[in-house]
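The values are calculated or read from the model by the stated rules, or taken from the named source; none is laboratory data. Predicted, not measured: the structure shown is a model, and the values here were computed from it. Cβ coordinates were reconstructed from backbone atoms using ideal geometry, including for glycine residues, and neighbour counts include every protein chain displayed. Please note that ligands, DNA and RNA were not included when accessible areas were found on the heavy atoms of the full protein model with its side chains. Shrake-Rupley method; radii C 1.70, N 1.55, O 1.52, S 1.80 Å.
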Number of protein chains: 2
Amino acid sequence: MPPSKFQTHAESRAHGDSQAHEHSTRNEFNHADVGRYMQLMGQEARHAATLLRRQDTATKNAALQAIARHLEASRQDLLDANRADLQRGEEVGLEAALLDRLALDDSRIDAMIEGLSQVAGLPDPVGEIDGLRSRPSGIQVGQMRVPLGVIGIIYESRPNVTVEAASLCLKSGNACILRGGSEARDSNAAIAACIQGGLSEAGLPPATVQVVATTDREAVGHLIRMEEFVDVIIPRGGKSLIERISREARVPVIKHLDGVCHVYVDATADLDKALAIAVNAKTQRYGTCNTMETLLLDAPIAEVLLPALAEAYAEHEVELRGCEQTCHILGDIVSAGESDWGAEYLAPVLAIKVVDGMNEAIAHIERFGSHHTDAIVTENYTLARRFLAEVDSSSVMVNASTRFADGFEYGLGAEIGISTDKLHARGPVGLEGLTTRKYVVLGDGQIRG
Amino acid sequence: MPPSKFQTHAESRAHGDSQAHEHSTRNEFNHADVGRYMQLMGQEARHAATLLRRQDTATKNAALQAIARHLEASRQDLLDANRADLQRGEEVGLEAALLDRLALDDSRIDAMIEGLSQVAGLPDPVGEIDGLRSRPSGIQVGQMRVPLGVIGIIYESRPNVTVEAASLCLKSGNACILRGGSEARDSNAAIAACIQGGLSEAGLPPATVQVVATTDREAVGHLIRMEEFVDVIIPRGGKSLIERISREARVPVIKHLDGVCHVYVDATADLDKALAIAVNAKTQRYGTCNTMETLLLDAPIAEVLLPALAEAYAEHEVELRGCEQTCHILGDIVSAGESDWGAEYLAPVLAIKVVDGMNEAIAHIERFGSHHTDAIVTENYTLARRFLAEVDSSSVMVNASTRFADGFEYGLGAEIGISTDKLHARGPVGLEGLTTRKYVVLGDGQIRG
């Protein structure tokens with residue numbers, strides 16, 4: 001908000017303490033005292049959060065656009081820093097997949113810049129008031145969407161997450177503390193410099209986005225226990241990282257551990273839809289958490305559908321592991337062991353089980369699934385409704401590929417992750433998931449009788 | 001849902017496993033193995049939760065009404081059991097306030113019965129679908145409200161909480177495990193028998209509501225760590241109980257620790273409203289969490305307002321503890337020490353501070369408040385809007401008494417507690433707070449390109 005030429009006394013007092021908090025130079029801290037370093041970071045984040053609550057949409061969008069301009073102007077610095085990370089990674093023998101995730105090139109920088117523009121274009125969730133209603137006492141009561149406060153995000157090698165996470169937190173009015181993988185440290189430092197440049201241009205406090213500069217692993221331990229300074233932790237990465245963080249955190253965690261997704265084809269299914277969905281859910285991408293890992297087939301259609309499925313999967317070189325009946329129908333395929341049910345292959349491998357109706361399918365999903373995404377293919381109205389109501393997963397689908405479970409496909413505009421937790425956010429988490437709703441009461445002098 | 005005379009094959013299969021799970025007799029367990037006992041309870045609750053998800057509103061309401069009838073028919077048993085608790089309490093020297101909370105009489109039993117009827121009358125939140133929208137891919141995406149699953153509730157001496165908690169969990173489709181105070185054990189057992197009677201009459205599994213029968217304190221330790229069986233813990237009681245549970249829990253906790261509520265009177269306030277609100281917020285009840293504990297006065301009106309306030313508080317025998325300026329204006333009152341700011345008196349004591357405008361008021365609330373409920377009294381439009389947006393509390397009010405922060409006053413119909421947490425539920429928690437929202441996707445064979 002630009003300063004008005006007609007500021008009242010109350011207004012000028014109102015903006016008295018909104019000046020940017022002084023920021024210490026991050027590069028000079030003493031590695032020996034990681035705890036103290038993280039505490040300071042937490043304090044500054046908490047202070048920045050109180051200032052951020054007051055920022056209007058235009059200021060936040062201006063900062064996002066300014067960060068984009070800084071990235072554009074710093075392409076060469078970003079590529080140089082990334083080259084240093086890649087070289088170090090090669091020297092210590094990082095595997096090719098990791099190096100690929102770590103690498104920046106012009107098109108990935110383009111994507112980061114484009115992402116910032118997209119987030120700037122999203123509606124601002126902060127301040128939205130729902131359900132404002134008058135009560136018999138005369139007060140009006142509603143719920144106002146407000147930032148969570150300070151968000152800690154812990155992730156692995158992809159440096160573009162630094163921009164993504166910062167932009168979503170900023171747009172939703174939250175301060176954030178970002179801890180990327182140590183292998184990306186130079187890239188993240190170069191990106192952080194661009195973010196700082198953009199924040200400063202828009203007049204926002206530097207502690208709005210802080211990137212942890214130490215690669216000391218202790219830093220994570222402190223971050224996830226600073227309840228007084230951090231409101232929520234979002235870990236992004238492999239299951240073991242997320243499990244460790246959830247186990248040790250004192251701050252609440254929004255997480256998903258794994259994606260063991262199922263498609264159940266009911267006897268009344270349209271077999272063409274079933275075939276298309278079963279193939280797409282498995283083969284469109286293998287390494288994503290919304291990829292189907294187990295296919296459940298209702299007994300009456302198994303014999304008809306399995307040969308067509310087997311042919312389609314063979315074209316994609318997907319290895320099938322079947323239950324006894326599946327093996328019996330298809331003949332020459334691998335027999336599924338106990339460990340195949342509930343396995344997250346993230347690979348061209350699929351477990352197939354013939355079940356006796358939807359109850360067995362739901363019981364199987366309840367027992368072996370990960371509450372991520374599960375779909376039914378059916379033309380039966382009642383079964384569709386029951387599947388939707390009874391399957392306890394973060395996304396439940398009828399006649400659609402599990403691959404749609406995604407913030408962009410759902411229209412959230414962006415996604416910080418997918419939650420399989422039940423509290424707060426469930427399913428793809430966009431800007432709304434980074435906010436909370438408080439009650440607001442508008443009165444006219446009402447007192448309680 | 002009554003069995004249809006025209007069940008289809010799919011339908012009859014669909015209800016195959018909805019039969020009540022076998023229930024072991026609770027009174028025979030071996031106290032030596034509390035861990036095993038709690039694990040079994042958890043398993044049964046988890047199983048009951050999967051059955052409860054399928055129950056329609058009529059069945060859940062029928063169970064609530066049946067429980068009410070059982071309470072009505074068991075008045076004498078309830079009073080006898082309660083008398084045993086009271087006798088034991090007197091023998092061990094429980095203080096009078098605790099004995100009062102523990103005591104049941106006919107009017108308290110009436111209130112429990114009436115409460116059940118009220119919960120039966122509330123709209124069922126389960127199954128509500130919000131924001132169902134078509135996406136460019138052709139899928140429709142919305143969010144469906146579903147039960148959390150299994151809720152553990154830990155509370156102290158009031159036996160009516162057993163009925164309240166059970167009714168709210170049941171109506172919202174959740175199984176629950178209730179752990180009341182050991183001093184109420186006979187009353188709770190008698191109430192549990194009525195609940196079991198009602199559940200059984202309505203054809204719901206007994207493990208829908210389980211009351212922990214052991215008074216062994218280890219039971220709580222197990223309950224709050226059974227992540228595989230319990231989805232959320234709600235502790236109700238004193239701050240020390242809640243702090244201990246939050247510290248030790250592995251299951252997410254919905255809680256509020258304390259209510260240090262503020263009223264800030266701005267210089268533009270209508271002084272009659274200010275006086276009425278300041279008196280009501282402090283004196284309408286002293287022991288509640290939404291009672292004002294600190295009054296903040298804008299400097300320009302302190303001199304006018306303080307004498308009138310002092311007179312009103314004197315009538316209610318409220319002890320005032322003032323900042324330097326307050327003492328200067330009022331003369332003969334106690335000077336507030338550092339520990340008065342942020343104190344939750346729960347008594348006829350009030351801290352008063354004169355501040356220099358709203359920014360100082362907000363900074364004071366941020367530093368000393370408990371993020372429960374804070375109110376401003378003002379006629380200034382811009383300050384009202386800023387106070388609403390910037391004060392980070394679960395309820396923020398303009399020109400209304402903090403005493404309105406309550407599920408009934410807000411129109412939630414009932415309240416399981418007030419949350420000062422940010423994640424999931426913030427402010428008074430009603431039936432909605434006991435549910436979560438999952439994504440539902442309705443397709444027509446869509447696959448991802």
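Can you tell me which residues in region B:342-355 are out of contact with any Cys (no Cβ under 9 Å at 6 or more places or on another chain), free of Cβ contacts under 8 Å to residues at least 60 places away in the same chain and open to solvent by less than 30 Å² (accessible area, probe 1.4 Å)? Within region B:342-355, just B:V349 meets the criteria. Which of the residues that make up region B:373-423 are of a type in the set (D, E) and under 13 Å from B:T288 (Cβ atoms)? B:D406, B:E409, B:E415, listed by residue number.
When you look at B:A274, is it in the same structural domain as B:N82 (by TED's automatic domain parsing), touching a residue at least 40 places away in the same chain (Cβ under 8 Å) and assigned to a helix (DSSP H, G or I), yes or no? Criteria not met by B:A274. Is there a residue being of a type outside the set (S, T, N, Q), buried (at least 20 other Cβ atoms within 10 Å of the Cβ) and outside any strand (DSSP E or B) anywhere in region B:286-297? Checked region B:286-297: at least one residue is of a type outside the set (S, T, N, Q), buried (at least 20 other Cβ atoms within 10 Å of the Cβ) and outside any strand (DSSP E or B).
When A:N380 is tested against the conditions (1) of a type in the set (S, T, N, Q); (2) within 20 Å of A:C323 (Cβ to Cβ); (3) at the interface with another protein chain (Cβ under 9 Å from one of its Cβ atoms); (4) open to solvent by 30 Å² or more (accessible area, probe 1.4 Å), the lone failure is (2).
Condition check for A:V230 on (1) open to solvent by less than 10 Å² (accessible area, probe 1.4 Å); (2) within 14 Å of chain B (Cβ to nearest Cβ); (3) closer than 30 Å to A:L309 by Cβ: one failure, at (3).
Out of all the residues in region A:362-381, is one or more touching a helix residue (DSSP H, G or I) at 6+ places or on another chain (Cβ under 7 Å), free of Cβ contacts under 8 Å to residues at least 40 places away in the same chain and farther than 28 Å from B:V251 by Cβ? No: region A:362-381 contains no residue that is touching a helix residue (DSSP H, G or I) at 6+ places or on another chain (Cβ under 7 Å), free of Cβ contacts under 8 Å to residues at least 40 places away in the same chain and farther than 28 Å from B:V251 by Cβ.
Here is the figure for region B:198-220: residues that are open to solvent by 20 Å² or more (accessible area, probe 1.4 Å) and either more than 19 Å from B:G149 (Cβ to Cβ) or part of a loop (DSSP other than H, G, I, E, B) (or both) total 9.
Criterion first (open to solvent by 10 Å² or more (accessible area, probe 1.4 Å), within 14 Å of chain B (Cβ to nearest Cβ) and of a type in the set (D, E, K, R)) does A:R135 satisfy it? Answer is yes for this residue. Checked against the criteria, B:I329 does not count as at pLDDT below 95 and either among the β-branched types (V, I, T) or touching a strand residue (DSSP E or B) at 6+ places or on another chain (Cβ under 7 Å) (or both).
If you filter region B:140-163 down to residues that are part of a strand (DSSP E or B), of a type in the set (A, V, I, L, M, F, W, C) and crowded, with 24+ Cβ neighbours inside 10 Å, you find that the one that is farthest from the other protein chains (Cβ to nearest Cβ) is B:I154. Scanning region B:364-377 for residues that are surrounded by fewer than 20 Cβ atoms within 10 Å (Cβ to Cβ) and either more than 7 Å from chain A (Cβ to nearest Cβ) or in contact with a strand residue (DSSP E or B) (Cβ under 8 Å, 6 or more places away or on another chain) (or both) yields B:H364, B:R367, B:F368. If you filter region B:165-182 down to residues that are modelled with pLDDT of 95 or more and part of a helix (DSSP H, G or I), you find that the one that is surrounded by the fewest Cβ atoms within 10 Å (Cβ to Cβ) is B:A165. Set side by side, the residues B:V126, B:V119 differ, and just one is at pLDDT 95 or above and touching a Pro at 6+ places or on another chain (Cβ under 7 Å), which is B:V126. One residue is enough: does region B:337-345 have a residue meeting the conditions within 8 Å of another protein chain (Cβ to nearest Cβ) and more than 25 Å from the chain's Cα centre (by Cα)? Within region B:337-345 (the criterion being within 8 Å of another protein chain (Cβ to nearest Cβ) and more than 25 Å from the chain's Cα centre (by Cα)), the answer is no, since none of the residues qualifies. I want to confirm something. Restricting to region B:59-99 and keeping residues that are out of contact with any helix residue (DSSP H, G or I) (no Cβ under 9 Å at 6 or more places or on another chain) and part of a helix (DSSP H, G or I), which single residue is most open to solvent (accessible area, probe 1.4 Å)? Here the residue is B:E91. One residue stands out among those in region A:100-132 that are acidic (D, E) and not in a loop (DSSP other than H, G, I, E, B): the one that is least open to solvent (accessible area, probe 1.4 Å), which is A:D130. A single entry from A:A189, A:A213 fulfils the requirement of being at pLDDT 95 or above and among the hydrophobic types (A, V, I, L, M, F, W, C): A:A189.
Of everything in region B:398-421 that is farther than 24 Å from B:I362 by Cβ and within 7 Å of chain A (Cβ to nearest Cβ), the residue that is modelled with the highest pLDDT is B:E409. Whether a residue is assigned by TED's automatic domain parsing to the domain that holds B:V355, within 28 Å of the chain's Cα centre (by Cα) and of a type in the set (A, V, I, L, M) was assessed, and B:A308 does not pass this test.
Which one is modelled with the highest pLDDT, of the residues in region B:243-285 that are over 23 Å from A:D444 (Cβ atoms), away from chain A (no Cβ under 12 Å) and buried (at least 22 other Cβ atoms within 10 Å of the Cβ)? The selected residue is B:V260. Scanning region B:422-449 for residues that are surrounded by fewer than 24 Cβ atoms within 10 Å (Cβ to Cβ), farther than 30 Å from A:A274 by Cα and at the interface with chain A (Cβ under 8 Å from one of its Cβ atoms) yields a count of 3.
Residues are listed down the side, and each one gets a yes or a no for (1) assigned by TED's automatic domain parsing to the domain that holds A:A66; (2) under 29 Å from A:L78 (Cβ atoms); (3) among the acidic types (D, E):
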| position | (1), (2), (3) |
| --- | --- |
| A:G89 | yes, yes, no |
| A:V92 | yes, yes, no |
| A:D100 | yes, yes, yes |
| A:P125 | yes, no, no |
| A:S137 | yes, no, no |
| A:G142 | yes, no, no |
| A:I151 | yes, yes, no |
| A:S157 | yes, yes, no |
| A:A166 | yes, yes, no |
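Scanning region A:233-242 for residues that are open to solvent by 50 Å² or more (accessible area, probe 1.4 Å) and either more than 20 Å from A:E344 (Cβ to Cβ) or without any contact (Cβ under 8 Å) to a residue 12 or more places away in the chain (or both) yields one hit, A:S240.
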